[in-house]
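These notes concern the structure reproduced below.
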Amino acid sequence: MIPVTAYKGRSVAVFGLGRTGIATAKALAAGGAKVVAWDDNEAARQAAQKAGLTLEDLNRRDWGDIAALILSPGIPFHYPKPHRMVELAQAVGAPVIGDIELFAGEIANTEGVRVVGITGTNGKSTTTALIGHMLKAAGMDVRVGGNIGEAVLSLAPPRPGAIYVLELSSYQLDLVERLHCDVAVFLNLTPDHIDRHGTIENYLAAKRRIFATQGDGDSAIIGVDDETTSRVFTQMRSANEDSVIPVSSRKVLSQGVYALGGTVYDALDGKPHAAADLRRALALPGRHNAQNAAAAYAAVRRLGLSQEDAAAGLESFAGLAHRQERVGQVGPVVFVNDSKATNADAAAQALGCYENIFWIAGGQAKEGGVKGLASYFDRLRKAYLIGQDADLIARQLKGKVETVACPSLHAATARAAKDAVESGLPDPVVLLSPACASFDQFRSYEHRGDTFRMAVTDLIAKARAGDAA
């Protein structure tokens with residue numbers, strides 16, 4: 001934990017008691033603040049009390065002594081309108097900030113600490129985990145968290161030489177003023193979270209805050225494969241050429257880092273050369289992961305890693321759970337857990353990575369179902385449909401892909417595995433990439449992915465038992 005001492009002896013309101021809020025309340029209390037914690041959701045309050053927090057209803061309390069409101073990132077700050085807690089704080093002149101801002105204040109007192117911030121619409125989690133892995137593999141003192149894994153204030157306290165690698169959402173960036181990123185990565189931007197930001201321009205403005213406090217010696221790494229971030233790169237490059245680095249998985253760059261044809265090319269010095277073989281990085285399939293790899297490579301090189309250490313880190317990365325995670329193999333059949341793909345756009349990334357796919361899909365369909373995946377149907381050998389909207393998906397696939405209705409994920413996994421083994425096709429893949437939300441049958445996409453992993457484990461055990469017999 002990083003104790004927050006900035007409000008020692010003063011009353012601080014913490015609203016929103018999920019993972020981030022609970023960690024923030026504990027860090028403030030450890031630093032001597034008088035924490036007033038609340039959440040309007042009863043289940044969240046119960047979880048916070050189990051975690052040891054004392055609660056007080058901020059809706060009924062006099063705010064006269066409140067020095068600051070620490071707002072959890074999931075709660076509206078500006079749009080569609082400020083939450084009532086924000087209005088109460090503003091009425092008494094209390095600043096409204098987030099846990100990342102508290103973190104920024106605490107690490108400012110420790111010399112030699114560096115921060116890598118990663119944002120973007122897609123790929124943040126993989127790129128954050130990948131950078132953390134590459135640095136750890138090279139022997140550096142690294143802490144990874146933020147919007148992924150541990151809340152930032154739950155990480156180990158700062159000490160000279162430490163590197164914090166943080167995934168930063170637009171919600172978190174909306175609440176920062178002082179955060180300084182030695183290396184800031186902005187991967188891409190597509191329309192998302194407009195309900196929270198009001199317009200795409202506001203969403204972009206929140207993302208661009210990751211660069212706000214950078215100065216001489218800092219690095220801004222920007223993906224140039226979509227129109228919006230390419231424009232951001234051009235604007236920033238014209239103002240500060242040396243510190244702004246483009247990355248791409250679609251085109252050759254005269255300077256920067258790009259990944260094409262399974263190879264990462266280092267052109268940081270303006271002289272492109274092959275630096276890493278992505279075909280050895282089994283946890284990073286597909287073009288989207290090629291951009292993630294290029295961005296991560298650029299980040300660690302700017303932090304001082306050698307080309308050799310950076311390439312070794314890419315190759316040894318095991319990937320993230322539930323994001324194209326290889327969870328096993330039976331004979332020629334590889335099983336891939338992509339349970340995080342809760343909509344068609346996310347599933348498209350996985351479907352584009354494999355040729356002979358035995359696809360497990362279904363759950364609570366988003367608008368449009370799987371119609372947007374038509375260009376990938378020729379890769380599907382059969383689809384195994386589960387959950388609430390299995391019939392809807394079956395209708396959308398009718399006449400295009402053979403479908404099998406399955407009563408459970410275990411049943412779908414077993415049937416897909418049997419068909420894949422018997423197909424005789426090269427490199428068959430049983431892919432759980434549901435293109436649907438999970439809440440009809442599971443607590444979360446993680447629960448769904450864990451269930452798939454258990455089903456695969458059972459199949460592997462049966463296969464081994466059969467071989468032994």
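Figures for the structure shown
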quantity	calculated
Normalised per residue, the volume of the convex hull around the Cα set of segment 377-422 (Å³)	65 Å³
Protection-proxy order for peptides 72-80, 329-337, 12-20, each taking the mean of Cβ atoms within 10 Å per residue, highest first	12-20, 329-337, 72-80
Reciprocal of mean inverse Cα separation for segment 6-132 (Kirkwood radius, Å)	15.7 Å
Length added when fully stretched, LYS462-THR190, from 0.36 nm per residue minus Cα-Cα	93.5 nm
Surface accessible to a 1.4 Å probe, LYS34 within the full protein complex, Å²	120 Å²
Carbon + sulfur, % of accessible area of segment 65-172 - ligands and nucleic acids excluded, 1.4 Å	50 percent
Estimated 222 nm signal from helices in the chain, with DSSP H stretches of n ≥ 4 weighted -39500 (n - 2.57), rounded to 500	-10500 deg cm²/dmol
R0 of 35 Å, Cβ-Cβ distance ALA51-THR110: FRET efficiency to nearest 0.05	0.85
Segment 325-460: relative contact order as a whole-number percent, Cα under 8 Å and 6+ apart	39 percent
Kirkwood estimate for segment 119-220, i.e. one over the average of 1/r between Cα atoms, Å	14.3 Å
For segment 305-438: rounded, prolate or oblate by the Cα gyration tensor [a/c cutoff 1.5]	prolate
Isotropic mean projected area of the C-alpha convex hull, segment 90-138 (nm²)	5.4 nm²
Segment 415-469 - percent of accessible surface contributed by carbon and sulfur, probe 1.4 Å	55 percent
All-pairs Cα distance distribution in segment 101-316, expressed in whole percent, bin size 10 Å	9, 37, 38, 15, 1
Three-way shape label, segment 118-176, alpha-carbon gyration tensor, a/c 1.5	oblate
Bridge type composition, the chain - antiparallel percent by DSSP, nearest 5	20 percent
Calculated on alpha-carbon atoms, Rg and Dmax of segment 427-469 in Å	13.4, 40
Estimated distance in nm for a label pair at GLU367 and PHE439, the labels positioned 7 Å out from Cα along Cα-to-Cβ	1.7 nm
Percent accessible area from carbon and sulfur atoms, segment 349-391, protein chains only, probe 1.4 Å	38 percent
Between segment 114-138 and segment 71-101, the Cα center-to-center distance that results, in Å	28 Å
Taking all pairs of distinct alpha-carbon atoms in the chain, Kirkwood radius in angstrom	23.7 Å
Isotropic mean projected area of the C-alpha convex hull, segment 389-469 (nm²)	6.4 nm²
Cα-projected label distance for GLU42 with GLU177, points at 7 Å along beta-carbon direction, nm	3.9 nm
Greater than 29 Å apart at Cα, pairs in LYS34/LYS207; LYS371/LYS418; LYS251/LYS382; LYS26/LYS124	LYS34/LYS207; LYS251/LYS382
Over the chain, relative contact order from alpha-carbon pairs under 8 Å, at least 6 apart, %	10 percent
Computed Rg/Rh of segment 332-410, alpha carbon atoms with Kirkwood Rh	0.91
Accessible area (Å², per residue) of the chain, counting only protein heavy atoms and a probe of 1.4 Å	42 Å²
Label point distance in nm, THR234-ALA30, each placed 7 Å from Cα along Cα→Cβ	4.7 nm
Mean shadow area of segment 258-315 over all directions, Cα convex hull, nm²	3.4 nm²
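The values are calculated or read from the model by the stated rules, or taken from the named source; none is laboratory data. The structure displayed is predicted, hence computed values, not measured ones. Don't worry about glycine lacking a Cβ; one is built from the backbone with ideal geometry, like all the others, and counts go over all protein chains shown. SASA here: full protein model, heavy atoms, side chains in, ligands and nucleic acids out. Shrake-Rupley method; radii C 1.70, N 1.55, O 1.52, S 1.80 Å.
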